[in-house]
Amino acid sequence: MAAVFPAWIMVTILVLEASLVMGGFQASLKLERRIPLVSHEVELGRLREFDRLRHGRLLQSSGGVVDFPVRGTYDPFLVGLYYTKLQIGSPPKEYYVQIDTGSDVLWIGCNSCNGCPESSGLQIELNLYDPGSSSTSSLVSCSDQRCNAGVQSSDSGCSGQGNQCSYTFQYGDGSGTSGYYVADLLHFSTILEGSMTANSTAPIMFGCSVLQTGDLTKSDRAVDGIFGFGQQSLSVISQLSSQGIAPRVFSHCLRGKNGGGGILVFGEILEPNMVYTPLVPSQPHYNLDLRSISVGGQVLSIDPSVFSTSSSQGTIVDSGTTLAYLADEAYDAFVDAITKTVSQTVRPVLSKGNQCYLITSSVTDIFPQVSLNFAGGASLILNPPDYLVQQNSIGGAAVWCIGFQKIQGQGITILGDLVLKDKIIVYDLANQRIGWTDYDCSMSVNVSANLNSGRTEFVNAGQMSNDGSSPDQLQSIIASLLNMIMLAALLFS
C-alpha cells in the first residue's frame, strides 16, 4: 500500500527544492559584472592611458583552500578592476579591496585618512578602518620581525618616531599612499575536505593608510584599499602560508565571453592540460622568460635579448592590466607579421596610431594563431580574440585593432587580461612557476591545497555556494531528509 504523505511534508519538500534553485545558492567564486557595457567605441588610446597608470602602480624601487568572494569587471572597453570583500577586526567589518598582483601589501584606508575617497562609482559602500574600534587590533613596532622582513623588500620602514612600523608607496602615475602597520584578525571561509567550509580567523599584518594622493583620491573606481597578491613575506598569501592555513599558490580563470565572470581561489586549480614555465628568480613581480613569438607557426625574427629580464625590462604577468604590451622591437615585428598574413583578405587601416583592419567576416577565419613561447617548452596560444579588440564599424565592416600596444622607450612586455582571459592561470609560488591552459571559465574547477602535513584536498570550487555547501551536498541532504520523512509517514500512517 502506498504511503500517504501529509500536506506539510509535501510543502517542506517543495520548499527545500525551491531553495536550491531560488534561494541564493550562487557560487561564491563567480566574478560579478558591476558596470554595464556602454559602448564599443572607446578609443584604444584611452585604454592605453588607463593601463599606463596601472603600470605605474607596479611599485617602483595550509589548512585548506581559502575562498574570498570576488566582484569586478572585465571588458576591453570597460576599464574596470577585480576586487574582493574582506572582513577584518572584532567585531568584523567589511572592506572592499582591489586584487593586485603587482604589489605585496594589503592596505586599507583608516579613519584618520587624508585624501581617501568617500564614495565609489562602483556602487559599493566605502568604509574606513578604525583601530580603536576593534578589540583585537594592535600596532606593529619596528622591533617586530615582520617589520624587519618588510624592510628587506622595501615594503616597510621605520622613521624612529614612536617605534612605529610604517610604509610609503609611490607609484609611477604620481599617486601614492602612506601609513602605518597594524595587526588584526582576518575573517575568511576555508573550504575543507569534502567541499565543506569553516569560518576561520587568522592574525595578519596590514597597512593602515593615513594619506592618499593622485588617482587614489578619485571616486569613479574607488575601493577601500589594495590587496597585494605578490610573493614577498608581507603578502597575505605568505602570511597565511606561514601559519599553515593556506598553500602558497593561487589561481584565477577570467571569463571573456557572455558577460565576463570567473573564478579566484587560494589553491591550485587542477586540469590535465596545464603547462608550466618557471618564474624568473629574484624579481619583485611575476616575471617569465619569454623566448620567442610565433605567428601562424612561423617564429618571428626578434633578437632574444629583447625579452631578457633586467632591472628595466622583462615579461610580466599582470591580471590588472586591460590590454597587452610588447617591447618596441617585438611590437613592430609582431604587427608586421599579422598585417602581412591578412593583407590579401582584409583592408589594413590606421586608426589614431593603432593598426586596425576592416573585416566583413569572422576574425577567427582570417587571422592567424599566435604563440608566445616560454622557457621549458611552454607556449601560450593566442587565438585572434586574444590579441584583437573590436573598435567600431564603418560602412558595414567591423573595425578590429591589434590589442597589443607598444610601451615607448621601454623593453617591458606585459601580459594583461586580453591574453589571460578564458584560461586557467596558476601562480605557484611554492614551486616558483606559473601555469595555464585554455578553459571555459563558466565551468566548475577542481582545486588542490598541498598542506604542510602533506595531505592534499580537492574541492569542486566552481560549484561552491555562498555558505560553502555544494549542490551535490545539498541534494544528498535532501535525499536523507526524504528517507526520514518517508519512514515517519509509514510509521504514523
* Structure fact -> A chain fully extended from Thr213 to Gln145 at 0.36 nm per residue, minus the present Cα-Cα distance, gains in nm 21.6 nm
* Spin-label model distance (nm) - Lys85 vs Ser311, 7 Å beyond Cα toward Cβ -> 4.5 nm
* Pairs of lysines in segment 272-438 (C-alpha under 24 Å apart; 8 or more residues apart or interchain) -> 5
* Structure fact -> Here FRET efficiency (C-beta to C-beta, Lys352 to Asp328, R₀ 22 Å, nearest 0.05) is 0.70
* Structure fact -> note: segment 89-176, Cα-Cα separations exceeding 23 Å make up a percent value of 33 percent
* Provide the FRET efficiency to the nearest 0.05 for the Gln410-Met443 pair, computing r from the beta carbons and using R0 = 41 Å. => 0.65
* Calculate, for Thr168 and Ser119, the FRET efficiency according to 1/(1 + (r/R0)^6) with r their C-beta to C-beta distance and R0 25 Å; round to the nearest 0.05. => 0.45
* Which of rounded, prolate, oblate describes segment 65-264, given a ≥ b ≥ c as roots of the alpha-carbon gyration tensor eigenvalues and a/c under 1.5 marking rounded, otherwise prolate only if a/b is larger than b/c? -> oblate
* Structure fact -> Descending packing, highest mean Cβ count within 10 Å first, for 209-217, 404-412, 360-368 is 209-217, 404-412, 360-368
* Asked: How big is the charge dipole of segment 381-453 about its Cα centre, in debye rounded to the nearest 20, if each Lys and Arg gets +1 on its Cβ and each Asp and Glu gets -1 on its Cβ?
  -> 200 debye
* Asked: With a sphere of radius 13 Å drawn around the Cβ of Val306, what net charge do the other residues whose Cβ falls strictly inside it have (Lys, Arg +1; Asp, Glu -1)?
  -> -3
* Based on alpha-carbon positions alone, could you give the equivalent ellipsoid semi-axes of segment 227-373 from the gyration tensor, as √(5λ), descending, whole Å? => 34, 20, 14
* If you stretched the chain out fully between Gln243 and Ser112, how much longer would it get, using 0.36 nm times the residue separation minus the C-alpha to C-alpha distance? -> 44.1 nm
* Evaluate the distance, in nm, between pseudo-label points positioned 7 Å from the Cα of Val275 and of Asp130 along their respective Cα→Cβ axes. => 5.4 nm
* Just how large is the dipole of segment 65-264 about the Cα centre, in debye to the nearest 20, putting +1 at every Lys and Arg Cβ and -1 at every Asp and Glu Cβ? -> 280 debye
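Every number in this text was worked out from the coordinates using simple rules, so none of it is lab data. Note that this is a predicted model, so its numbers are computed, not measured. All Cβ positions, glycine included, derive from the backbone under ideal geometry; neighbour counts span all protein chains shown.
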